[in-house]
1. To test your reading of the geometry: what angle, between 0 and 90 degrees and rounded to tens, separates the Cα axis of helix 91-100 from the longest principal axis of the chain?
2. Report the one residue of Ala228, Leu22, Gly192 whose Cα lies farthest in the direction of the positive end of the charge dipole of the chain (charges on C-beta: Lys and Arg +1, Asp and Glu -1; origin at the Cα centre).
3. In debye, nearest 20: dipole of the range 107-173 around its Cα centre with unit charges on the Cβ of K, R (+) and D, E (-)?
4. Mind listing the phi-derived Karplus ³J(HN,Hα) values for the range 27-32, rounded to whole Hz, using 6.51, -1.76 and 1.60 with θ = phi - 60°, and x for any glycine or proline?
5. Taking the Cα centre of the range 7-83 as origin and charging only Cβ (+1 Lys, Arg; -1 Asp, Glu), how large is the dipole, in debye to the nearest 20?
6. Roughly how many debye, to the nearest 20, is the charge dipole of the range 92-212 about its Cα centre, given +1 on each Lys and Arg Cβ, -1 on each Asp and Glu Cβ, and no other charges?
7. Could you sort the peptides 92-99, 147-154 by per-residue average Cβ neighbour count (10 Å cutoff), highest mean leading?
8. Cα axis of helix 218-231 to longest principal axis of the chain: angle in degrees, 0 to 90, nearest 10?
Amino acid sequence: MTDRSSVAVLASRVRTEEKLILAELRGRGVPVTVIDGRGFVVDLDKPALHFRGALIREISHTRGYYGSRLLEHAGVTAVNSSDIIRLCGDKLLTNLALVDAGVPTPDAVVALTPAAMLQHLPRFGFPAVVKPLTGSWGRLLARLKEQETAEAVLEHRQALPGPQHQITYVQRYVDKPGRDIRGYVFGGEVVGATYRVSGQWRTNTARGAETRPCPATGELERLLRAAAVAIGDGALAVDILEGGDGALLVNEVNHTPEFHASVEVLSTRLVSRYVDYVLRRFEEEPAGSAECGQRPSLLRVHRISILM
């Protein structure tokens, strides 16, 4: 691993997105070294990792975070940075960063145990959505329509192994109009947005949602930029919900953007602009210097309660 002109791509699974990225890099004549995170080993005293930069496309949040941190330790600029991955990989930390920046999000409440949340939910109100702190594709989400459902779901969470499962993060259910919005922001620049349309309440493309173009102008563009400022300089996918009153609310921010469905409906050269941003970062930013951006209070704040 000594080719200083080569771009490392950390990925244990080469999906459609990674194939498109690799094709774009190779089409530009950029040497690429694909590193399978499952076999990635680093000598901490003498890390022999001399790459032009590293693109983190690891499907596992844990491997992605620690892999990016090891690369940064070796002096390699990682995109996204370990700071961005740590923040976006935890839904609670993401929500806190957005709230601190005044970015509108669904009302949320957090308890350190499922039992405490079960007692509080009648005051918070139904319907609500309980989410795992880490995870993607809508897995392990549950809609709590009333107290009886909440008792069944939260008693199950109480029995799950691992301390992180006990931290219970609940959002107000947003009755969206059969769709949500995914916006792509690379280095603070809004590249494009799509609707994800579904008859299900979880509008993930992994669950069969249909992707359609969404004009990223006006209020939506401002909100996407504000969310990116709250998180930091990175290649981000921002998920937005439309409330019944027309309000736009940032739901989540993703640090490993998936776009296989979006490239088919967007005319914004999404993959090319993604690679443009990544290569620019490798040239301009010293390794390990990425930090969370400034957090101006430019939008109204939704309070998040922490139950102790």
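The numbers here are math on the coordinates, done by the rules we state, and not lab data. Just so it is clear, the model here is predicted, and its values are computed rather than measured. Methodologically, a virtual Cβ is constructed for each residue, glycine included, from the backbone with ideal geometry; neighbour enumeration extends over all protein chains shown.
1. 80
2. Selected residue: Leu22.
3. Result for the range 107-173 is approximately 220 debye, rounded to the nearest 20.
4. Per-residue couplings from phi come out as x, 8, x, 8, x, 10 Hz.
5. 240
6. So the dipole magnitude of the range 92-212 works out to roughly 340 debye.
7. Descending packing order for the listed peptides: 92-99, 147-154.
8. Value to nearest ten degrees: 70.
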